[in-house]
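The values are calculated or read from the model by the stated rules, or taken from the named source; none is laboratory data. Just so it is clear, the model here is predicted, and its values are computed rather than measured. Cβ: placed from backbone, ideal geometry, glycine included. Neighbour counts: every protein chain shown.
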Amino acid sequence: MSILPSISSKPRNLLSCRSYNFKTLSIYSNISKSVVQKSFEAGEIVGCGTAVPKLTVSDIEDAVTIVAQMGPEPFIDAMEEQPDFDIIIGGRSYDPSPFTAFAIHNAKLAQSSAKKLTDAQIGGFTHMGKLMECGAHCATPKSSTALATIYRSYSLRFFSHDLTNESH
């Protein structure tokens, strides 16, 4: 959060030219060393295969910061708790998570509270999130920008947009 004033005060930044008041949510992914230590001692931490060295007590003690990788759930929780947000800044997360969460949050707002989203719908939102986090580097034509539209039927439409071909 402390980086926002620095970014917004830079010359040529739209935010430095106007007075804005954004409701910003922060989601941290830090985990205390004591929690990791307890999980380690309980044998609850498993490695990522033979290519990654095994975790040791000294790794935990020597770590400056320990962070977890979040899925969409913390983002969804924050959006539900503060639905009038403007910006969300999240800690380390799986790349599609913010996009997936935003789609899930808005789908829940648009439907009746009794109806649950299906796994297929959430899967579609996750797929859309993966495409969006890549820009449109995985699309044809490749581009650095993308637009995704989610319809009330939960069907998706993805557009890659090449800004270099825009006439100004």
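Quick notes on this structure:
- Just so you know, in the stretch 88-131 the residues that are under 11 Å from the mean Cα position of the chain (by Cα) and aliphatic (A, V, I, L, M) include one that is modelled with the highest pLDDT, and it is ALA101.
- Pairs, first within 20 Å of ASP77 (Cβ to Cβ) and touching a residue at least 40 places away in the same chain (Cβ under 8 Å) in the stretch 28-43, second charged (D, E, K, R) and in a loop (DSSP other than H, G, I, E, B), C-beta under 8 Å, six or more apart: SER29/ARG92
- If the condition is being in contact with a Leu (Cβ under 7 Å, 6 or more places away or on another chain) and in contact (Cβ under 8 Å) with a residue 40 or more places away in the chain, then the stretch 90-137 contributes only ALA107.
- Taking the stretch 22-85 and the helices (runs of 4 or more DSSP H) fully enclosed by it, the elements with 1 or more residues that are farther than 30 Å from PHE102 by Cα, of a type outside the set (Asp, Glu) and at pLDDT 95 or above are at 33-41, 57-62.
- If you filter the stretch 88-101 down to residues that are in contact with a helix residue (DSSP H, G or I) (Cβ under 9 Å, 6 or more places away or on another chain) and in a loop (DSSP other than H, G, I, E, B), you find that the one that is surrounded by the most Cβ atoms within 10 Å (Cβ to Cβ) is PRO96.
- Flag for THR140 being of a type outside the set (A, V, I, L, M, F, W, C) and under 16 Å from the mean Cα position of the chain (by Cα): no
- Enumeration of residues in the stretch 131-150 that are of a type in the set (Val, Ile, Thr) and assigned to a loop (DSSP other than H, G, I, E, B): THR140
- Scanning the stretch 120-147 for residues that are surrounded by 15 or more Cβ atoms within 10 Å (Cβ to Cβ) and within 11 Å of HIS161 (Cα to Cα) returns GLY135, ALA136, ALA139, SER143, ALA146.
- The stretch 1-21, residues that are assigned to a loop (DSSP other than H, G, I, E, B) and either more than 24 Å from the chain's Cα centre (by Cα) or at pLDDT 90 or above (or both): SER9, LYS10, PRO11, ARG12, ARG18, SER19
- Subset of the stretch 151-162 (residues that are surrounded by fewer than 16 Cβ atoms within 10 Å (Cβ to Cβ), in a loop (DSSP other than H, G, I, E, B) and not acidic (Asp, Glu)): TYR151, ARG152, SER153, SER155
- Residue satisfying condition, being touching a Leu at 6+ places or on another chain (Cβ under 8 Å) and either exposed (fewer than 14 other Cβ atoms within 10 Å of the Cβ) or farther than 18 Å from THR149 by Cα (or both), within set PHE85, PHE75, PHE22: PHE85
- Residue in the stretch 117-127 that is part of a loop (DSSP other than H, G, I, E, B) and touching a Lys or Arg at 6+ places or on another chain (Cβ under 6 Å) present: no
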